[in-house]
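Encoded as structure tokens, the structure appears first; notes follow it.
The values are calculated or read from the model by the stated rules, or taken from the named source; none is laboratory data. Every value quoted in this text rests on a predicted model; they were computed, and no experiment measured them. All Cβ positions, even for glycine, are placed from backbone atoms using ideal geometry, and neighbour counts span all protein chains on display. Accessible surface is based on the protein model in full, side chains and every heavy atom, while ligands, DNA and RNA are left aside. Shrake-Rupley method; radii C 1.70, N 1.55, O 1.52, S 1.80 Å.
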Amino acid sequence: MALNTDSGGKCSLSINDVGMKISTGTPPPFGRDEKTWSAVHLFLASVSNDFLITLKAFSEKAGIVMNHFSCNAIGQIEIIN
């Protein structure tokens, strides 16, 4: 995994073994001006994904067939002066 910025200040997260690049930036309360993934998005996605993987593993071990799964995660950043 590598974090990089270009000459325009845009950030990206590269994952070499997956061959993906994700544009990243600051969350809205910190002045984000474009549609990019923030650290909050990545954190919530990571927690949600880990929950799903764990749920699937335990379901399979218990012999329970899971036909569908949906999860919504909400995060909030608060600026404290």
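Once the Cα atoms of helix 39-62 and of the chain are each reduced to a long axis, what angle between those two axes, in degrees from 0 to 90 to the nearest 10, is obtained?
Tilt relative to the chain: about 10 degrees.
Got a sec? Which residues in region 1-42 would a label at ALA57 touch, if it sits 7 Å along Cα→Cβ and we count backbone N under 15 Å?
From region 1-42, the list is empty.
Can you give the accessible area per residue of the chain, in Å², using a 1.4 Å probe?
84 Å²
For the chain, what is the charge dipole size about the Cα centre, in debye to the nearest 20, if Lys and Arg each add +1 at the Cβ and Asp and Glu each add -1 at the Cβ?
It works out to roughly 120 debye.
Run through the DSSP bridge list for the chain and note the antiparallel percent, rounded to the nearest 5.
Roughly 90 percent of the beta bridges in the chain run antiparallel, per DSSP.
Just order 4-11, 35-42, 74-81 by mean Cβ neighbour count inside 10 Å, highest at the front, would you?
Per-residue Cβ counts within 10 Å, averaged per peptide and sorted highest first, yield 35-42, 4-11, 74-81.
Just want the answer: with Cβ charges of +1 for Lys and Arg and -1 for Asp and Glu, which residue in LEU52, VAL65, ALA2 is farthest toward the dipole's positive end in the chain?
Farthest towards the positive pole: VAL65.
How large, in percent, is the carbon and sulfur part of the accessible surface of the chain at a probe radius of 1.4 Å?
Result for the chain: 56 percent of the exposed heavy-atom area is carbon or sulfur.
Tell me whether region 20-81 comes out rounded, prolate or oblate; compute the Cα gyration tensor, take square roots of the eigenvalues as a ≥ b ≥ c, and use a/c under 1.5 as the rounded threshold.
Prolate is the answer for region 20-81, as a/c is 1.5 or above and a/b outweighs b/c.
Would you work out the relative contact order for the chain, in percent, from Cα pairs under 8 angstrom that are 6 or more residues apart?
It comes to 19 percent, rounded to a whole number.
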